[in-house]
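One structure below.
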Amino acid sequence: MRRESRQKIRETLVSFPSLFWLSLFFIVPTLFVFAIALKPANPYGGIGSGWTWDNLRSLVNPNYLAVAWRTLWISVFSAAVCLVLATPIGYYLARVTARWKGFFLMLIIVPFWTNFLIRIFAWKVLLHPEGAIKKVLALSGLIGPQTSLLYNAGAVVLVTVYTFLPFTILPIYAAAEKFDFQLLEAARDLGARRLQAFVRIFLPGIRRGLITAVLFVFIPALGSYVIPDIVGGPSGEMIGNKIAQRVFVDRNLPQASALSVVLILSVLAPLVTVLVLQRKREKPESLL
Amino acid sequence: MSEFLEFRDVSKRFGTIQAVDSVSLGIKKGEFFSLLGPSGCGKTTMLRLAAGFEHPDAGRVILDGQDITDLPPNKRKVNTIFQSYALFPHLTVWENIAFGLRVAKRTKRDIETEVEAMLRLIRMGDQAHKKPDQLSGGQKQRVAIARALINKPQLLLLDEPLAALDLKLRQRMLIELDMIHDQVGITFLYVTHDQGEAMSLSDRIAVMDSGRIEQVGSPAEIYETPRTSFVAAFIGDTNFLEGEVTGLVESEYCQVKIADIPGLICFNDKSMKPGNPVYLSIRPEKIHISRDRPEESPLRNIVPAVVEDMIYLGSTTKYWVRTHGLRVQVLRQHFRFFLDEKPIRWNDDVWIWWHGDDGFMLDRYRAVDEHLVALPPRKVGEPEDNNEKS
């Protein structure tokens, strides 16, 4: 008993620095955002005195709802596409010989050597009405000459998937690397077809990696701002863009904070759900 | 009876390693058949060829008259028990056992009755809800057996299923496996490197080395009449004696000169002629040892020797004696214990003798196989790689 309680105290002491760090730079600022959301704006771009629900109430606005809906489906869809692409890639990465493994991992990591912004601008060039992709697709008759590849939600999904694919491959690969592939042979031996073995045995076996991968795309995608700003256009706007507009264009911090509150809650909700589900199922472990 | 599982001239190569080298082998229905050999001899590849995890480079695999060479594992009426059990970690015992029936889309009621029956067979009804990592090694083993048997395979493949268990559990599982084989009556193909397991369970054994089958036979045939030096040395202990036929005795025996010992009698089942070289394998327990010279008898070979090493093992004692420059291993069973008996000690002069039928002529001899024979313990100060081997 005493031993245990001393152990508890020691654990608390050890975690104190990170707790302090997290409180100072995450929890406190978040609470500030929550507080500002309840303040009125003043005409000079500052924060007025008193408290009000107006900012939160004003969110119930068809314009915002449309943007929120678009943000949600772009994030879900991007996460789904990433998952569908990353799972087979992770599987093969875990199965190829060590030499090829190193080569493919290099291929995944090399794009990070170029700045994120530059890579997104590169997409803008590629998707441009005068760009190569557009011309090829138009010539082959797959799209009409008037169809725009740029400045729509589709372009946002494409670039989001491009950006976050490596972050989904890596956790899935890490989980697949630990997977015992003899289990697939056992499943086949017991009568499962290739796909059945993959779905019934492999996917549950790398479940942790899949959850991590989804969170790695879904959460940043919900808050993404740069990608829709550069390739999205008005029809590809997401909540992140709205927040930026409230801050930089309208100079209305309380309104921006109210939007942020919605975003923060919608990011925390899936995280907490996953953690609760995992705790229920087994002893908590790291997501990786 | 015709063959139930048949390998026809099967070969399989991995990179530069010829894992299986044009092997032909037939296994009968209902048989408990073992593939025995050292690691890397190709026995596991044979099993994987039967399961369908590997495709042979050449040759065919026939099961019950049907060519299954090109069938994927899920289309074969064959199930495997893996060395590491390969239980699905995210499924309970119950779900593991039910897996085969579920992918076969059997009805819920069918699955329930059959899984319950299997749980009774392995006596684990009360553990059904547990996950594999909550089970002991022996329990995992039993679940693996149930999971494989529920599909009612025509052939059960067992890949060193007892290797991961401790000695006591292994002995118990040996008995259980034997009982299960008697109960379900299907053909077992058992892969092991443990001669004890193979000998005690099998109806027949195929001894493999370097991708080839050295000999196929019942445990007693393999032990008593090894055809090659590899089989003789891999299964049990033996003495290899190189000699030359010098004459024939009656029709069935011949005289052999080994080192400079002339006139040793040996059963001549290979119809050797005078002048032919022979390699004999004589099991240590077939050689007798005593201080007193034994009586002469027509087919008895009697040789004087000096004791070089000995290990007392309780029920037996192992001696290494030297005679005419040869080192011979002798295993003596203790029948009676007399307090006043003068025991055989180091450097004692002794007599060793064996019956002419107990020296068995090998078809093929390779010097490297001598390494498989148990060597005497090293003496203090003796160089590590002594020249006894060569």
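Each reported figure results from applying straightforward, stated rules to the coordinates on display, with no laboratory input. Quick caveat, the model's predicted, so the values are computed rather than measured. Backbone-built Cβ (ideal geometry, glycine too); neighbour counts: all protein chains shown.
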Looking at chain B as a GNM with Cα springs under 10 Å, which of B:220, B:232, B:367 has the largest mean-square fluctuation? B:367
FRET E, pair residue B:105, residue B:311, Förster distance 56 Å, beta-carbon r, rounded to 0.05: 0.40
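Taking chymotrypsin sites (Phe, Trp or Tyr not before Pro) as candidate sites, keep only those in a DSSP loop with at most 14 other Cβ atoms within 10 Å, then name the longest stretch of chain B containing none of them.
That gives B:1-334 as the longest site-free run.
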Low-density loop positions, GluC sites (Glu not before Pro), segment A:113-205 - DSSP coil, at most 14 other Cβ in 10 Å: A:130
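What trypsin sites (Lys or Arg not before Pro) does segment B:33-95 have in DSSP loop regions with at most 16 other beta carbons within 10 Å?
Details: sites: B:43, B:48, B:60, B:75, B:76, B:77; in loops: B:76, B:77.
Here the sparse-neighbourhood loop sites are B:77.
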Please build a GNM for chain B, connecting alpha carbons under 10 Å apart, and tell me which residue among B:204, B:227, B:336 fluctuates the most. B:336
With only alpha-carbon pairs counted, each pair once and no self-pairs, how large is the Kirkwood hydrodynamic radius of chain B in angstroms? 23.8 Å
Choice from A:34, A:26, A:112 showing the highest fluctuation, given a GNM over chain A with Cα pairs closer than 10 Å: A:26
At 4 °C and a viscosity of 1.567 mPa s, what translational diffusion coefficient does Stokes-Einstein give for segment A:1-75, taking Rh as the Kirkwood radius over Cα pairs? Give it in µm²/s as a whole number. 79 µm²/s
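Rounded if a/c is under 1.5, else prolate if a/b beats b/c, else oblate: with a ≥ b ≥ c from the C-alpha gyration tensor eigenvalues square-rooted, which is segment A:161-288?
Note, shape of segment A:161-288 comes out prolate.
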Using only the alpha carbon atoms of the protein assembly as shown, find the Kirkwood hydrodynamic radius as the inverse mean reciprocal pair distance, in angstroms to one decimal. 32.2 Å
Please give, to one decimal in nm, the separation of the simple spin-label points placed at residue A:103 and residue B:166, each 7 Å out from Cα toward the Cβ. 4.8 nm
Take the Cα coordinates of segment A:62-281, assign each an equal point scatterer, and use the Debye formula without solvent to give log10 I(q)/I(0) at q = 0.11, 0.15, 0.16, 0.17 Å⁻¹. -0.68, -1.08, -1.16, -1.23
Please list the three semi-axes, largest first and in whole Å, of the ellipsoid equivalent to segment B:230-372, using sqrt of 5 times the eigenvalues of its alpha carbon gyration tensor. 27, 18, 13
Taking the dipole of segment B:3-217 about the Cα centre (Lys, Arg +1; Asp, Glu -1; charges at Cβ), the one of B:23, B:153, B:91 that reaches farthest to the positive side is B:91
If you take every residue apart from residue A:266 with its C-beta less than 14 Å away from the C-beta of residue A:266, what net charge results, scoring Lys and Arg +1 and Asp and Glu -1? +2
Quick one: compute the contact order of segment B:230-372, relative version, from alpha carbon pairs under 8 angstrom and 6+ residues apart, as a percent. 29 percent
Under a Cβ-Cβ cut-off of 11 Å, what is the net charge of the residues other than residue B:243 that fall near it, where Lys and Arg count +1 and Asp and Glu count -1? -2
Cβ-defined net charge surrounding residue B:47, 14 Å radius [Lys, Arg +1; Asp, Glu -1]: -1
In whole percents, the bins of 10 Å from zero upward hold the Cα-Cα pairs of segment B:3-217 as 8, 35, 35, 19, 3, 0
Counting only residues 5 or more apart in sequence or on a different chain, those whose built amide H sits under 5 Å from that of residue A:48 are A:41, A:42
Looking at segment B:78-144, I'd like the Rg to Rh ratio, where Rg is from alpha-carbon atoms and Rh is Kirkwood's inverse mean 1/r. 0.94
In vacuum, with every alpha carbon of segment A:131-230 counted as one equal point scatterer, what does the Debye formula give for log10 I(q)/I(0) at q = 0.11, 0.14, 0.16 Å⁻¹? Two decimals, please. -0.56, -0.74, -0.81
Could I have the simple spin-label model distance between residue A:4 and residue B:183, label points 7 Å from Cα toward Cβ, reported in nm to one decimal? 4.2 nm
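For chain B, what does the relative contact order come out to in percent, with C-alpha contacts under 8 Å and a separation of six or more?
Numbers: 769 pairs, mean separation 57.3, N = 390.
Result for chain B is 15 percent.
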